[in-house]
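Quick notes on the structure that follows.
No value in this document is a laboratory result; all are computed from the given coordinates. Nothing here was measured: the structure is a model prediction, and the numbers come from that model. Positions of Cβ are backbone-derived with ideal geometry, glycine not excepted, and every protein chain shown enters the neighbour counts.
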Amino acid sequence: MSIRNLPFALISLVAFVVVFATAPAPTYGHSHEVVDAAPLSVGVEHAINGELTEEDAGTDWYSFTASAGQNYIVELKPTIALTRHDDHPSDDHPALAHGHLVDPSILEILDEEHTQLVGEKDGGGILPNSARASFTPEEGGIHYIAVGAGAQDRTGTGGYTISIRADDHADDYRTVSDAILRPGGSATATIDSDVAPGDERLTRWDWIVIDRPNADGLRPHPGVESLDDRDVIRVEFPEGGWYRFDVLDAPSGVGIWHIWREDGDLNTYVVADPLTSIEDYFFSGTLYVEIGTPHASEGNTGTYTLSLTTVLPDS
């Protein structure tokens with residue numbers, strides 16, 4: 001495995017090399033043969049920059065120590081670099097680095113006995129062509145993560161970033177969560193948001209300030225990933241109607257950032273800070289509600305409850 005810190009400068013593109021029949025065939029992580037697993041610590045601040053090369057035969061392996069019953073989220077994305085544009089010379093902007101792995105994929109996750117817990121996850125991340133997997137091991141111990149090229153190009157090589165963190169809800173609307181909220185019910189979860197805007201662990205792409213059309217001035221926008229926690233709770237509507245979401249018994253600032261429909265379309269209600277209550281007409285089907293804290297805040301960690309009630313529109 002080739003592991004290195006990828007520079008933010010432009011990286012030369014990796015030349016395509018034809019692999020002859022005598023070379024080891026890529027396994028894409030499904031052989032359960034763990035080879036040279038690099039240690040990975042839990043927490044996005046411990047993210048590792050890696051590179052999938054021709055010599056890796058299609059798979060890089062990572063190991064981490066898991067605790068039984070703890071939910072983990074593995075995130076994988078192409079390598080990001082900071083660039084500057086001529087029209088904004090004083091601003092750095094995150095962009096895909098040259099030489100990145102075009103379609104990184106989490107090929108599988110194994111337990112200490114090399115039994116497969118999670119099959120291939122080739123999507124679900126915040127960035128296009130990134131990947132995310134959420135799982136809860138029944139037993140603790142060393143676990144293994146296989147990384148490779150996704151279905152878009154199984155022979156692909158290049159740089160990527162991998163991280164793993166512990167959380168009670170995966171913060172991505174595509175997540176199929178076991179916690180399902182229905183009208184008349186509520187869901188209780190924990191938000192972990194103790195990261196101040198000036199925290200030295202933050203990278204320049206944790207929060208990106210953008211000029212949002214039809215809004216007053218500049219507003220923060222969540223970047224590639226943030227040290228501050230975001231939760232997403234799945235909601236099932238048996239029929240269309242007027243409903244109200246309320247965030248109750250929450251730390252200061254905790255509220256609803258966004259609501260996604262199942263087809264990926266986004267209902268945006270928030271301009272500056274998350275809302276503690278949203279009332280609207282929702283069609284039948286599945287929605288995903290994102291809970292978080294204001295970007296310029298700290299010390300918001302604690303439990304909260306999201307409730308969903310049926311309401312009558314004002315006459």
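Neighbour counts of other Cβ atoms within 10 Å put F135, F282 in the fewest-to-most order F135, F282. Calculated FRET efficiency, Y269 and E113, Cβ-Cβ r, R0 51 Å, to nearest 0.05? Taking R0 as 51 Å, the efficiency between Y269 and E113 is 0.65. A crude spin-label estimate for the pair E139 and H46, with each label 7 Å from Cα along the Cβ direction, gives 2.2 nm. For the peptides 104-110, 33-39, 284-290, the ranking by mean Cβ contacts within 10 Å, running from highest to lowest, is 104-110, 284-290, 33-39. Shown for D265, D231, D192: other C-beta atoms within 10 Å of each C-beta, ranked fewest to most, produce the order D265, D192, D231. Sorted on the mean count of surrounding Cβ atoms within 10 Å across their residues, most packed first, peptides 159-165, 181-187, 59-65, 245-251 read 159-165, 59-65, 245-251, 181-187. Tell me, what is the FRET efficiency for T190 and E262 to the nearest 0.05, using R0 = 25 angstrom and their Cβ-Cβ distance as r? E between T190 and E262, to the nearest 0.05, is 0.50.
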